[in-house]
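*Asks:* Before anything else, here's the structure in question.
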């Protein structure tokens, strides 16, 4: 949305959000994110009733922590994020989940240093942006640039491990998605820098790349050794729906995170790169509580789309050759686990918890116990 004096418009919107947020803490009951996401078509709590974290969580934490210390990328709150991959890929073999967990350790380090709510100094920013640009320019040969940082060395080491355990065609596709994420996630997308307020649709598409969900979804094939034959899926008329399911789960992961991290980003860091802000800014008479409800509606619609798309795939997959059918069945199981993690990990982790919150699920309390 093109508006005159974008910084002023953003400042007014953020002021209104902060004011209404403060009022809601005093006068309004906490909002249940579960109620916001659930509908007649999809209930997150029921959908996650069989969810479980990876059974080797203790080993994974230890190995990932050691890796982070070795390369100087372990942040003070590491325990709050190194569990993420353990919820996303609960059935991956031990060696693969260790590799994946290392990949996420690098990604969270870069996100917290350069992401939407990071506040580096100008000198730090220059160094970090040089790292980002070198990482985003990595070729398929995974060759390190001269003067590479420890974070870059760690990143390339992990990518090489992934490449060694996957078909080249899959890895090339995964690497494109991953590098798109690295490039997108560590740029400034605040409205003042852009010079305009993105539409809700444009923001959602960009947010998926920022979140890293597209390459996370692609990682299912590696984690569960169920590499898909896209030619056979195309011949069976399934390719379009599988791609749609992937895209839908990517959007859900990105946008549910915008709700879970709303206070961390918009309230604490005054970031305007968040679904709730974008909805409100595109409907300037809207109040914060209304923007939250609209954001929830968007997520509910995506979850309904997921249910319908998966049903179509399952109804049509019998025509596939046996090996492709087995791989697709395992893949859909992995896709379900990733979608479950959008709820289970974000309610489990301490990353979004705070002493006072408008969300029931992020109020500081005992950590959620998770099956393993």
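*Asks:* Can you give the log10 of the normalised intensity I(q)/I(0) at q = 0.16, 0.29 Å⁻¹, computed with Debye over equal Cα scatterers of the stretch 173-241?
*Replies:* Ignoring solvent entirely, the Cα scatterers give -0.70, -1.21.
*Asks:* First obtain the Kirkwood hydrodynamic radius of the stretch 63-118 from its Cα pairs, then insert it into the Stokes-Einstein equation at 20 °C and 1.002 mPa s, and state the resulting D in µm² per second as a whole number.
*Replies:* Working: Rh = 11.5 Å.
Once the numbers are plugged in, D ends up at 187 µm²/s.
*Asks:* Once the mean 1/r over all distinct Cα pairs of the stretch 256-335 is inverted, what Kirkwood radius in angstroms do you read off? Spell out each step's value before the answer.
*Replies:* Working: mean 1/r = 0.0656 Å⁻¹.
Final number for the Kirkwood radius of the stretch 256-335 is 15.2 Å.
*Asks:* Can you give me the orientation-averaged projected area of the convex hull built on the Cα atoms of the stretch 128-186, in nm²?
*Replies:* Working: hull surface 14.7 nm².
Its average projected convex-hull area is 3.7 nm².
*Asks:* Order of 180, 344 from fewest to most other C-beta atoms within 10 Å?
*Replies:* Details: 180 17, 344 23.
Ranked by crowding around the Cβ, least crowded first: 180, 344.
*Asks:* Separate question: Could you bin all the Cα-Cα distances of the stretch 168-320 into 10 Å bins starting at 0 and give me the percent of pairs in each, rounded to whole numbers?
*Replies:* Per 10 Å bin, starting at 0, the Cα pair percentages come out as 10, 35, 31, 17, 6, 0.
*Asks:* Using helices alone, I'd like the mean residue ellipticity at 222 nm for the chain: each DSSP H run of four-plus residues gives -39500 (n - 2.57), total over residue count, nearest 500.
*Replies:* Computed ellipticity for the chain at 222 nm equals -20500 deg cm²/dmol.
*Asks:* I've got another one for you. Please report, in whole Å³, the volume per residue of the convex hull around the C-alpha atoms of the stretch 34-182.
*Replies:* Numbers: hull volume 22.3 nm³, N = 149.
So the per-residue Cα hull volume is 150 Å³.
*Asks:* A follow-up question, please. Any idea what % of Cα-Cα pairs in the stretch 1-105 are farther than 19 Å? Each step should come with its number before you reach the end.
*Replies:* Numbers: 3608 of 5460 pairs.
Of all Cα-Cα pairs in the stretch 1-105, 66 percent lie more than 19 Å apart.
*Asks:* Find how many whole Å separate the alpha carbon centroid of the stretch 1-77 from the alpha carbon centroid of the stretch 288-311.
*Replies:* If you average the Cα positions of each part, the centres end up 16 Å apart.
*Asks:* Arranged by the count of other C-beta atoms within 10 angstrom, fewest first, what order do 356, 266 take? Before the final figure, lay out each step's value.
*Replies:* On the way: 356 10, 266 26.
So the residues, fewest neighbours to most, are 356, 266.
*Asks:* Rank these for me by crowding, 359, 230, going from fewest to most other beta carbons within 10 Å. Walk me through the numbers before you get to the answer.
*Replies:* Numbers: 359 21, 230 15.
Least to most surrounded, the residues fall as 230, 359.
*Asks:* May I pose another question? Rg/Rh for the stretch 204-248: what does it come to with C-alpha atoms and Rh from Kirkwood? Display every interim value, and only then the final one.
*Replies:* On the way: Rg = 11.8 Å, Rh = 11.5 Å.
Radius of gyration relative to Kirkwood radius: 1.03.
*Asks:* Continuing with the same structure: Strictly greater than 19 Å: what percent of every Cα pair in the stretch 224-290 meets that? Spell out each step's value before the answer.
*Replies:* Values: 1170 of 2211 pairs.
So the pairs more than 19 Å apart make up 53 percent of the total in the stretch 224-290.
*Asks:* For the chain, what relative contact order do you get, as a whole percent, if you take Cα pairs closer than 8 Å and at least 6 residues apart?
*Replies:* Details: 465 pairs, mean separation 102.2, N = 372.
Answer for the chain is 27 percent.
Every read-out reported here was derived from the displayed coordinates using simple, explicitly stated rules and does not represent laboratory data. Quick caveat, the model's predicted, so the values are computed rather than measured. Quick reminder, even Gly has a Cβ in these numbers, built from the backbone with ideal geometry, and neighbours come from all protein chains shown.
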